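**Q** Right, I'll just put the structure down here and ask away after.
The values are calculated or read from the model by the stated rules, or taken from the named source; none is laboratory data. Predicted model only: the values in this text are computed from it and were never measured. Because the Cβ atoms are built from the backbone with ideal geometry, glycine has one as well, and the counts that use them run over all protein chains shown. Side chains are part of the model used for accessible areas, which takes the heavy atoms of the whole protein and leaves out ligands, DNA and RNA. Shrake-Rupley method; radii C 1.70, N 1.55, O 1.52, S 1.80 Å.
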Amino acid sequence: MARFSLVLVVALSLAISMFPDTTTAQLKTNFYGKSCPNVEKIVKKVVQEKVKQTFVTIPATLRLFFHDCFVNGCDASVMIQSTPTNKAEKDHPDNLSLAGDGFDVVIKAKKAIDAIPSCKNKVSCADILTLATRDVVVAAGGPSYTVELGRFDGLVSTAASVNGNLPGPNFKVTELNKLFAKNKLTQEDMIALSAAHTLGFAHCGKVFNRIYNFNRTHSVDPTLNKAYAKELQLACPKKVDPRIAINMDPTTPRKFDNIYFKNLQQGKGLFTSDQVLFTDARSRPTVDDWAKNSVAFNNAFITAMTKLGRVGVKTRRNGNIRRDCGAFN
């Protein structure tokens, strides 16, 4: 009996050494050093070409990365197409506004990588999305940073799994902190990642509640800058199509910068979830600090993006390398 137990312990020890339990342990900056050494150059070239075609590629890719990682981890499950038997993540109402250019840049980069015989079927869609996200941040004038690689693609994607896992435009600081903490992210990480709203656009339907019939005593949210509120009302009249797009950053919508925080100081946060970062005493000191110190903000953003990229990483045991980013193998 003792001998059997000893054999079992040895077997388990071998299994654990072959398949380490910590998913982040497999992430390395040179993960594809031997199998596909030029992967970063290939992705960067595809991103640069795509950005030349349309600026929307930048905010679309950044948002796609967030929406992927917050639901079951960074495993490209958000890219899976629905089938007659499975409604996938991308068809959840919270994901319907994800712009196609984000998906397209990953698909194009995957095709370019797989066109090289030694790289074919070696690089995951999850890693391509993570690299492309860094590259679009750089393309918009944001900081460059080293990307950890070694993610495998997820084997599951359901619309139901999105419920309650993405921050909403009306969230307050407590709700934001709680959701980010689920992903081992701090309040500082949350504020840094919220600043991704320095790029891109939103839809009028997401801000109607702040500029019309806010509550019984105020028709407009009193935390909104009055001149900015009038600009929003002009851009989003009451009966306009709620899908009409408006810039999230009214000052520098095409540049990754710390103007986002200066806007919050002036009451120009588009969503409630943006403006509360300034109105809440817990987060205001960070907003004030990063409004005057872009280097500190950039460093915090890099830290937060690296931590986000470690969320829910799949291994060979619960993932694979997809041949087509939009379908399971």
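**Q** Any chance you could count how many residues in segment 190-208 are touching a helix residue (DSSP H, G or I) at 6+ places or on another chain (Cβ under 8 Å) and either open to solvent by less than 10 Å² (accessible area, probe 1.4 Å) or of a type outside the set (Ser, Thr, Tyr) (or both)?
**A** Residues flagged as touching a helix residue (DSSP H, G or I) at 6+ places or on another chain (Cβ under 8 Å) and either open to solvent by less than 10 Å² (accessible area, probe 1.4 Å) or of a type outside the set (Ser, Thr, Tyr) (or both) within segment 190-208 amount to 13.
**Q** Let me ask something else. Within segment 121-133, which residues are farther than 15 Å from residue 79 by Cα and touching a Lys or Arg at 6+ places or on another chain (Cβ under 9 Å)?
**A** Residues satisfying the conditions are 121, 123, 131.
**Q** Here is a further query. Of the numbered conditions (1) over 24 Å from residue 184 (Cα atoms); (2) loosely packed, with under 15 Cβ neighbours inside 10 Å, residue 268 satisfies every one except a single condition; which is it?
**A** Only one criterion is unmet by residue 268, namely (2).
**Q** Please list, ordered by first then second residue, the pairs with beta carbon atoms under 9 Å, 6 or more apart or interchain, first in segment 106-118 and at negative phi and open to solvent by 30 Å² or more (accessible area, probe 1.4 Å), second at pLDDT 95 or above and among the acidic types (Asp, Glu).
**A** 107/324; 108/49
**Q** Follow-up. Is it true that some residue in segment 120-138 is open to solvent by 10 Å² or more (accessible area, probe 1.4 Å), modelled with pLDDT of 95 or more, in a helix (DSSP H, G or I) and not β-branched (Val, Ile, Thr)?
**A** Looking for residues that are open to solvent by 10 Å² or more (accessible area, probe 1.4 Å), modelled with pLDDT of 95 or more, in a helix (DSSP H, G or I) and not β-branched (Val, Ile, Thr), one finds at least one in segment 120-138, hence yes.
**Q** If residue 23 meets every condition in (1) of a type in the set (Ser, Thr, Tyr); (2) modelled with pLDDT of 95 or more; (3) closer than 24 Å to residue 148 by Cβ apart from one, which number is that one?
**A** (2)
**Q** Can you tell me which residue within segment 148-173, out of those that are charged (D, E, K, R) and open to solvent by 30 Å² or more (accessible area, probe 1.4 Å), is nearest to residue 91 (Cα to Cα)?
**A** By that ranking, first place goes to 172.
**Q** Here is a follow-up. Counting only residues that are open to solvent by 30 Å² or more (accessible area, probe 1.4 Å), free of Cβ contacts under 8 Å to residues at least 60 places away in the same chain and of a type in the set (Lys, Arg), how many does segment 40-79 have?
**A** 2
So that you can scan it fast, the table gives a plain yes or no per residue for (1) in contact (Cβ under 8 Å) with a residue 60 or more places away in the chain; (2) of a type outside the set (Ser, Thr, Tyr):
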| site | (1), (2) |
| --- | --- |
| 266 | no, yes |
| 276 | yes, yes |
| 286 | yes, no |
| 291 | no, yes |
| 298 | yes, yes |
| 305 | yes, yes |
| 314 | yes, yes |
| 319 | yes, yes |
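**Q** Output yes when any residue across segment 293-309 is in contact with a Cys (Cβ under 8 Å, 6 or more places away or on another chain), assigned to a loop (DSSP other than H, G, I, E, B), under 27 Å from residue 107 (Cα atoms) and open to solvent by less than 40 Å² (accessible area, probe 1.4 Å), and no when none is.
**A** yes
**Q** Would you call residue 281 at pLDDT 95 or above, assigned to a loop (DSSP other than H, G, I, E, B) and either surrounded by fewer than 15 Cβ atoms within 10 Å (Cβ to Cβ) or of a type in the set (S, T, N, Q) (or both)?
**A** yes
**Q** Only one of these conditions is not met by residue 219: (1) open to solvent by 70 Å² or more (accessible area, probe 1.4 Å); (2) among the small types (Gly, Ala, Ser); (3) not in a loop (DSSP other than H, G, I, E, B). Which number is it?
**A** Status for residue 219: all satisfied but (3).
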